[in-house]
1. Projecting each Cα onto the charge dipole of the chain (Lys/Arg +1, Asp/Glu -1 at the beta carbon, about the Cα centre), which of Ala122, Ser223, Pro66 comes out farthest on the positive side?
2. Tell me, what are the semi-axes, in whole angstrom and largest first, of the equivalent ellipsoid of the range 134-222 as set by the roots of 5 times the Cα gyration tensor eigenvalues?
3. Which FRET efficiency value, to the nearest 0.05, do you get for Asn158 and Thr105 by plugging their Cβ-Cβ distance into 1/(1 + (r/R0)^6) with R0 = 25 Å?
4. Taking just the alpha carbons, could you work out the radius of gyration and Dmax for the chain, both in angstroms?
5. Using a simple spin-label model with points 7 Å from Cα along the Cα→Cβ vector, what separation in nm is obtained for Glu243 and Glu189?
6. Using the crude model of +1 on Lys and Arg Cβ and -1 on Asp and Glu Cβ, and no other charge, please compute the dipole size for the chain relative to its Cα centre, in debye to 20.
7. What is the helix-to-structure angle for 211-223, meaning the angle in degrees between its Cα long axis and the longest Cα principal axis of the chain, kept from 0 to 90 and rounded to the nearest 10?
8. Tell me the angle of helix 141-166 to the major Cα principal axis of the chain, expressed in degrees between 0 and 90 and rounded to the nearest ten.
Amino acid sequence: MKSRRKSPVNTVTTEPQHCSIDLRLKILSRLPFFSGLPAQALQQINQRFIEIGYEAGNFVYRAGDPAERLYVVADGKVKILQHAPGGRDVLLDLLTSGEFFGSLTTLGAASYADTAQLQTSACLLSIRSEDFQQILDAHPTLALKAIAIMAERINLANQRLLQVVALPVEQRIAFTLLALGKKLGRRQENGLLIDVPLSRDDLAEMAGTTPETASRVLSQLQSSGVVDSGRQWIAITDVDALEQRTTQS
């Protein structure tokens, strides 16, 4: 009997609600909203964020809930889901440390357009709409930047849904793996490891297809030497070949 291969994915995260001040300041300085601000301003902004711990599987919010808070991943992994045309739930993105999600009435959103669920235990930083408005009042130049950032994010989400509807499934899976590799890839002996627990069900959600179809396409890619995979992990072994798959119909 063939033994199961051990996952090479790094699953170590901090305990929920155990984010140091240094980590908080580092994370906030990397947010596009606050990039370029002096250390003193970041320290004041940090005081307006609260720290929340979540366990894997918990929902932060669901689509349609009032847009009351913006969230930042300090440590852990968060899944962003959206209901696509045809009734499918699409896994839009997997967020890691330093990425933000959610929305605020301050930025023109009455309710959340997507659903956020924890893939792993996580430490999140969160800010209310009223507190974010006070930051914008104190730093007026951030207002236009914040609007542009949120508009770009909405545009990317719409492009993602259009891709799910318009492209053949093989191309969608190739695009999905390349995007994950670019953001979450870690170089190792057998290629570019997507360093996050990733099941074939997760891949199917992100590509807008069924787990059976995702499994079939992934098996074909593995047989061709384009990827390597096991339980809850995928590594891209030939990036060039995978990029070629994005142009094949």
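1. Checking the options against the dipole of the chain, the answer is Ser223.
2. Values: eigenvalues 223, 63, 19 Å².
Sorted largest first and rounded, they come to 33, 18, 10 Å.
3. Numbers: r = 21 Å, r/R0 = 0.84.
Using R0 = 25 Å, I get an efficiency of 0.75.
4. Cα radius of gyration and Dmax of the chain are 19.1, 65 Å respectively.
5. Simple spin-label model gives 2.7 nm for this pair.
6. On the way: 26 positive and 26 negative charges, 94 e Å.
Roughly 460 debye for the chain.
7. 60 degrees
8. Roughly 20 degrees between the two axes.
Read the figures in this text as sums done on the coordinates, not as results from a lab. Every value quoted in this text rests on a predicted model; they were computed, and no experiment measured them. Don't worry about glycine lacking a Cβ; one is built from the backbone with ideal geometry, like all the others, and counts go over all protein chains shown.
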